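Structure first, commentary second.
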Amino acid sequence: MADDERFSSPKQLLDARHLRPRKRFGQNFLTDARLAERIARALPEHAYVVEIGGGTGTLTAALAKTARALTTLEIDRDLAAILEERFAGAAERVRIVTSDVLLFDLRADLTAQSPPRAVCGNVPYYITTPIIERIFESGDVWECAVLMAQREYARRLLAAAGSPDYGSLTVFASYFARIEKLFDVGAAGFYPPPDVASTVVRMTPRPQRRDLVRDEALLLWLIRAAFSHRRKTLVNSVVERIPSERAQWRERIESALVQAGLDGKVRGERLALADFCALADTLKEQGLMERPWTTQRHPNN
């Protein structure tokens, strides 16, 4: 692996090739090698790692030292070329793939590897939810994900029920994985410095998540519906998402809340994941075979 002065600074790397950070890709390159090493140490030892967005290679270099093998995804062809050059000496363990993470077959790639398997990266702020969703879709074929996300977004992932940051994203994420905050990151360790601060979180998948609820599609729809109107009660929010027979559905939902031991006037923001699971199971027990719902894949409230 090359580690000469040509690769010491993201700015130097870009300047030498007459390149500039691209806003459309949300490019803010990590410059702090110690921070990169701290992130790498948060992953399981000797794991196979898929890195999201190699950039100029600061985190890639740290991961290459600790991972059993590393696949780095980079959508920008110019940066992928830099990474290919930088890690040419470690090609047997470091693979550079020019690809959009949302188009890359993450499940197939991880399935082909033996445990432990992990996902890591400095996630672009503008597509954080779609990326996390892709990771969760493969939650049964990886053991750990360590991601750096916008601090405000991380607060939503980690929020407690009833807090201002709590929403459908919080409940959705907690269903798929256990999430813990590792540490906060300022803007100084990046080039160019971002306008927002970041937080590093670690996710551990719930391999038995479907044991928590009888109908996953119903649960995910219910979560989305409950937060569609934050100032309304859960009953009113859910009923508004049903296209017909609303009076009949109102009675069913009100009855299900009582059976689940919940306040009939409760708002969605007061319910934890276990409450949503209990409510979904109660609705399922009522024999609701015709579904007025469709699975919502991008919770963002």
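The values are calculated or read from the model by the stated rules, or taken from the named source; none is laboratory data. All values derive from a computational prediction rather than experimental measurement. Quick reminder, even Gly has a Cβ in these numbers, built from the backbone with ideal geometry, and neighbours come from all protein chains shown. Just so you know, the surface numbers come from the protein's heavy atoms only, side chains and all, with ligands and any DNA or RNA stripped out. Shrake-Rupley method; radii C 1.70, N 1.55, O 1.52, S 1.80 Å.
Here are some notes:
- Of all residues in segment 209-251, those satisfying the criterion of being assigned to a helix (DSSP H, G or I) and of a type in the set (D, E, K, R) are Arg209, Arg210, Asp211, Glu216, Arg224, Glu240, Arg246, Arg250, Glu251.
This table checks each residue for (1) of a type in the set (A, V, I, L, M); (2) under 19 Å from Val146 (Cα atoms); (3) at pLDDT below 95.
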| site | (1), (2), (3) |
| --- | --- |
| Leu19 | yes, no, yes |
| Ala42 | yes, yes, no |
| Gly57 | no, yes, yes |
| Arg68 | no, yes, no |
| Asp76 | no, no, yes |
| Ile82 | yes, no, yes |
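- For Asn122, the conditions (1) surrounded by 21 or more Cβ atoms within 10 Å (Cβ to Cβ); (2) in contact with a helix residue (DSSP H, G or I) (Cβ under 7 Å, 6 or more places away or on another chain); (3) at pLDDT 95 or above are fulfilled apart from (3).
- Residues that are more than 16 Å from Ala161 (Cβ to Cβ) and under 30 Å from the mean Cα position of the chain (by Cα), drawn from segment 226-256: Ser228, His229, Arg231, Lys232, Val235, Asn236, Val238, Val239, Glu240, Arg241, Ile242
- None of Arg117, Arg93 is in contact with a helix residue (DSSP H, G or I) (Cβ under 8 Å, 6 or more places away or on another chain), touching a residue at least 60 places away in the same chain (Cβ under 8 Å), open to solvent by 10 Å² or more (accessible area, probe 1.4 Å) and of a type outside the set (A, V, I, L, M, F, W, C) except Arg117.
- Within segment 180-227, the set of residues being among the aliphatic types (A, V, I, L, M), under 25 Å from Pro116 (Cβ atoms) and surrounded by fewer than 18 Cβ atoms within 10 Å (Cβ to Cβ) comprises Leu182, Leu212.
- Residue match in segment 126-149 (condition: open to solvent by 10 Å² or more (accessible area, probe 1.4 Å), out of contact with any helix residue (DSSP H, G or I) (no Cβ under 6 Å at 6 or more places or on another chain) and farther than 25 Å from Leu273 by Cβ): yes
- Selection of segment 154-179 for residues being of a type in the set (Phe, Trp, Tyr) and either surrounded by fewer than 22 Cβ atoms within 10 Å (Cβ to Cβ) or in contact with an Asp or Glu (Cβ under 7 Å, 6 or more places away or on another chain) (or both) yields Tyr166, Tyr175, Phe176.
- Exactly one residue out of Lys11, Lys23 is closer than 28 Å to Glu133 by Cα and at pLDDT below 95: that is Lys23.
- For segment 120-144, filtering for residues that are part of a strand (DSSP E or B) and out of contact with any Ser or Thr (no Cβ under 8 Å at 6 or more places or on another chain) leaves 2.
- Only one entry of Ile135, Ile127 meets the criterion of being touching a strand residue (DSSP E or B) at 6+ places or on another chain (Cβ under 7 Å) and within 23 Å of Phe183 (Cα to Cα), and that entry is Ile135.
- Cβ-Cβ under 6 Å pairs, at least 6 apart or on other chains, segment 22-35 side within 16 Å of Gly186 (Cβ to Cβ), far side in a helix (DSSP H, G or I) and modelled with pLDDT under 85: Phe29/Pro10; Thr31/Pro10
- Residue within segment 103-110 that is in contact with a helix residue (DSSP H, G or I) (Cβ under 7 Å, 6 or more places away or on another chain), open to solvent by less than 30 Å² (accessible area, probe 1.4 Å), hydrophobic (A, V, I, L, M, F, W, C) and modelled with pLDDT under 95 present: no
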